[in-house]
Amino acid sequence: MFPLEEPARPICSAKGCRADARWVLAWNNPKLHTPERRKTWLACDEHRESLGQFLAVRGFLKDTVAFDAWTAARQGSDAPDTSGSGPRSADDAGSTEIATPSGTDQA
Ligand SMILES: [Zn+2]
């Protein structure tokens, strides 16, 4: 069960924002994920900081990478976010992960 349909075009993960993704925020919630696991949020230029801050204050943020660099680095190896091969791991069950922050500054 996928929480989101794969968008035709990668867009920012900020709520309500439909801007093109320019950045990948790689994060890990140690309560839910093994240390090498990386969850990813996409961010536009405008939301890179607010989304990054949201993760950083919780100590989740591991990396902020330009989207192009991220996809280039991941080419052929690993799609961003969870890829669907293999048994569904326990931490994919349910939606207990932190949600994308509701728009703080959407105007
Ligand atoms: Zn955005």
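Read-outs throughout are calculated quantities, based only on the coordinates presented, and are distinct from any laboratory measurement. Because the structure is predicted, anything quoted here is derived from the model rather than measured. Ideal geometry is used to build each Cβ from the backbone, glycine not excepted, and the neighbour counts take in all protein chains shown.
Figures for the structure shown
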item: Ranked list, fewest to most other Cβ atoms within 10 Å of each Cβ, for Leu25, Leu55; result: Leu55, Leu25
item: Net length gained if the chain between Asp63 and Arg9 were fully extended (0.36 nm per residue, minus Cα distance); result: 17.2 nm
item: FRET efficiency, 1/(1 + (r/R0)^6) with R0 25 Å, evaluated for Thr71 and Thr34 via beta carbons; result: 0.60
item: Convex hull of Cα atoms in region 9-74, direction-averaged projection (nm²); result: 4.5
